[in-house]
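So the structure is just underneath, and the comments pick up after that.
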């Protein structure tokens, strides 16, 4: 999937001279976590998010005053930090040069970018033009639809083949000793695993096979150190 398939095309924006009170009210009223900031020419100059408003003296969350050494060595840095925590307008608090994606960015790349940079909302730019925003909630909405989607009728043999093929693709999965039996879309797993994480992952593969109603775990655990086998259950 691409960003263009999930992004919100109706974008609520603010200007640099918008007050923080108005920006916070808009986020609360619209139930959104971030607002792109556009200048008078419509150019994206920043984004203001919930994270930009966390450290505030009004909430007693601005942090402790700097010690004398830091004040002496880094006055410019401290001045910038003061402006961010005490500013009254969007331009004083917003994140400049925000991370953006394009409409044709793959959804997997977008999700990884959000995870790695700890970002909840990304502006979507087509060239220099803001065409939308995509947020974590958009990804969750798409996921929920996928999870509840009605699975097509599939044969027991096709289910078993799907599970075995999925196991064969994963480097961590046991390549031998896992037996899969499917009867009326109920999967029985038998064989040997070497950790609880391995057990859980094998179960997840089976649960994700199209058409599966239930998975019964009959896997036996073998301790890699001692070789002791612990039967299923």
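The values are calculated or read from the model by the stated rules, or taken from the named source; none is laboratory data. Because the structure is a prediction, the values reported are computed rather than measured. Using ideal geometry, Cβ is built from the backbone for each residue, glycine included, and neighbour counts are taken over all protein chains shown.
Things worth noting here:
- Hey, residue 215 assigned to a strand (DSSP E or B), touching a residue at least 24 places away in the same chain (Cβ under 8 Å) and touching a strand residue (DSSP E or B) at 6+ places or on another chain (Cβ under 6 Å) or not: yes
- Every residue from the stretch 42-56 that is in a loop (DSSP other than H, G, I, E, B) and more than 22 Å from residue 101 (Cβ to Cβ): 54, 55, 56
- Boolean, residue 165 is out of contact with any strand residue (DSSP E or B) (no Cβ under 9 Å at 6 or more places or on another chain) and touching a residue at least 60 places away in the same chain (Cβ under 8 Å): no
- Residue satisfying condition, being touching a strand residue (DSSP E or B) at 6+ places or on another chain (Cβ under 7 Å), surrounded by fewer than 14 Cβ atoms within 10 Å (Cβ to Cβ) and either touching a residue at least 12 places away in the same chain (Cβ under 8 Å) or over 17 Å from residue 136 (Cβ atoms) (or both), within set 17, 52, 29: 17
- Within the stretch 213-228, the set of residues being under 21 Å from residue 157 (Cβ atoms) and surrounded by 17 or more Cβ atoms within 10 Å (Cβ to Cβ) comprises 215 only.
- Residue 126 satisfies every condition listed in (1) surrounded by 17 or more Cβ atoms within 10 Å (Cβ to Cβ); (2) within 30 Å of residue 52 (Cβ to Cβ) except (1).
- In the stretch 189-212, the residues that are exposed (fewer than 14 other Cβ atoms within 10 Å of the Cβ) and not in a loop (DSSP other than H, G, I, E, B): 196, 197, 200, 204, 207
- For the stretch 155-188, a residue qualifies if it is surrounded by 10 or more Cβ atoms within 10 Å (Cβ to Cβ), within 31 Å of the chain's Cα centre (by Cα) and not in a helix (DSSP H, G or I), and the qualifying residues are 170, 172, 173, 174, 187.
- Qualifying residue in the stretch 62-75 (condition: at pLDDT 75 or above and within 29 Å of the chain's Cα centre (by Cα)): no
- For residue 119, the test of being outside any strand (DSSP E or B), closer than 22 Å to residue 11 by Cα and assigned by TED's automatic domain parsing to the domain that holds residue 96 is passed.
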